[in-house]
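Asks: Structure incoming, see below.
The values are calculated or read from the model by the stated rules, or taken from the named source; none is laboratory data. All figures in this text were calculated on a predicted structure; none of them were measured in a lab. Don't worry about glycine lacking a Cβ; one is built from the backbone with ideal geometry, like all the others, and counts go over all protein chains shown.
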Amino acid sequence: DELVEQMQDDLYDGLREEVIEGTEILLKRGWEAGDVLTKALVGGMTIVGIDFRDGILFVPEVLSSANAMKGGMEILRPLLSASDGSRAGKMVIGTVKGDIHDIGKNLVKMMMEGAGFEVIDLGINQSAEDFFAALEEHKPDILGMSALLTTTMPYMKVVIDEMVAQGMREDYIVLVGGAPLNEEFSEAVGADAYCRDAASAVDIAKEQVA
Ligand code: B1M
């Protein structure tokens, strides 16, 4: 599709208004919100990621792309989080200490809300103490942690070890996610499950809470 390619280019170039407009046009053409998200937005960000890795794009450019992607996500948000009002469960989620990537986490939040979960989003750069304060306050079923860096993902183990030490590990389902993680890692740090993407986070959360 030509428009999808154009949107991926616009996302690459950090053109927020154009990405918003493209999102609106695809929806008007009858596209499902989830398809606009994966094909146009996530697809575009994947290309950005490759050129970022290869030193073709730098932080300021990637920030503009992230900002453009968030513009599109704002349009999709009400469609993806059109909850049926039922309460599937409660989740506290945040990106771990030292890590400021939040697009994936925001997506998980949106899709979980769409599936009827109540989600308390702590934001980025969350320490174990921050997580514990939120668990204490909100008493969720699930603790979700996100990490996008190989240097920050070990912090998930710090949080989980501390939960064990404080005798509260069994009180929560711990789900982890982020591009550099895998099932093996999730098991090694003592999480209940690894979530490959936002859709599988929803499936796994439903399964685990039931
Ligand atoms: Co960063 N960055 N970045 N970056 N960045 C990566 C992660 C990187 C892979 C790029 C690369 O080199 N190819 C690389 C990490 C390499 C590594 O660790 N081995 C990297 C680097 C190196 C860095 C900096 C260190 C660069 C620098 O400063 N020199 C720096 C670190 C800053 C910090 O955190 N301390 C940095 C900064 C940034 C920006 C600020 C410019 C920007 C972030 C903006 C923002 O988030 N607001 C940015 C971006 C955008 C990226 C890439 C290009 C895209 C990430 C993204 O949003 N993907 C990324 C390359 C890549 O991943 N291909 C990269 C789209 C998103 C929908 O996917 O986040 O994977 P994702 O989330 C998915 C799943 O993983 C899962 O579901 C989501 C939806 O399907 N999921 C969960 C995620 N979290 C979950 C939690 C759950 C469940 C599922 O809980 C239950």
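Asks: Does the range 76-94 include one or more residues that are of a type outside the set (S, T, N, Q), part of a helix (DSSP H, G or I), surrounded by 18 or more Cβ atoms within 10 Å (Cβ to Cβ) and in contact with a Leu (Cβ under 9 Å, 6 or more places away or on another chain)?
Replies: The answer is yes, given that some residue of the range 76-94 is of a type outside the set (S, T, N, Q), part of a helix (DSSP H, G or I), surrounded by 18 or more Cβ atoms within 10 Å (Cβ to Cβ) and in contact with a Leu (Cβ under 9 Å, 6 or more places away or on another chain).
Asks: Among the residues that make up the range 119-126, is at least one of them out of contact with any Ser or Thr (no Cβ under 9 Å at 6 or more places or on another chain), of a type in the set (Gly, Ala, Ser) and closer than 20 Å to ALA205 by Cα?
Replies: No, the range 119-126 has no match at all.
Asks: Can you tell me which residues in the range 151-171 are in a loop (DSSP other than H, G, I, E, B), touching a residue at least 40 places away in the same chain (Cβ under 8 Å) and closer than 18 Å to PHE131 by Cα?
Replies: Step one: list which residues in the range 151-171 are in a loop (DSSP other than H, G, I, E, B), which gives 151-154, 166-168.
Of the ones still in play, those that are also touching a residue at least 40 places away in the same chain (Cβ under 8 Å) are 151-153.
Selection gives THR152, MET153.
Asks: Would you point out which residue out of GLU129, GLU61, GLU113 is among the acidic types (Asp, Glu), under 15 Å from the mean Cα position of the chain (by Cα) and outside any strand (DSSP E or B)?
Replies: Of GLU129, GLU61, GLU113, the one residue that is among the acidic types (Asp, Glu), under 15 Å from the mean Cα position of the chain (by Cα) and outside any strand (DSSP E or B) is GLU113.
Asks: In the range 172-196, how many residues are surrounded by fewer than 16 Cβ atoms within 10 Å (Cβ to Cβ) and without any contact (Cβ under 8 Å) to a residue 12 or more places away in the chain?
Replies: The total comes to 3.
Asks: When you look at LYS90, is it at pLDDT 95 or above, closer than 30 Å to LYS139 by Cα, more than 12 Å from the ligand (Cβ to nearest atom) and not polar (S, T, N, Q), yes or no?
Replies: yes
Asks: Hey, another quick one. Among (1) within 12 Å of the ligand (Cβ to nearest atom); (2) among the aromatic types (Phe, Trp, Tyr); (3) in a helix (DSSP H, G or I), there is one condition PHE185 misses while meeting the rest; what is its number?
Replies: With (1) within 12 Å of the ligand (Cβ to nearest atom); (2) among the aromatic types (Phe, Trp, Tyr); (3) in a helix (DSSP H, G or I) applied to PHE185, the lone miss is (1).
Asks: Moving on to the next point. If you take the residues of the range 158-182 that are in contact with a Phe, Trp or Tyr (Cβ under 9 Å, 6 or more places away or on another chain) and more than 9 Å from the ligand (Cβ to nearest atom), which of them is nearest to GLY94 (Cα to Cα)?
Replies: VAL159
Asks: For the range 21-30, what are the residues that are touching a residue at least 40 places away in the same chain (Cβ under 8 Å) and surrounded by fewer than 19 Cβ atoms within 10 Å (Cβ to Cβ)? Reasoning before the result, please.
Replies: In the first step, residues of the range 21-30 are kept if they are touching a residue at least 40 places away in the same chain (Cβ under 8 Å); the result is 22-24, 27.
Within the range 21-30, GLU24, LEU27 qualify.
Asks: Within the range 31-39, does at least one residue satisfy the condition of being aliphatic (A, V, I, L, M), out of contact with any Ser or Thr (no Cβ under 8 Å at 6 or more places or on another chain) and in contact (Cβ under 8 Å) with a residue 24 or more places away in the chain?
Replies: yes
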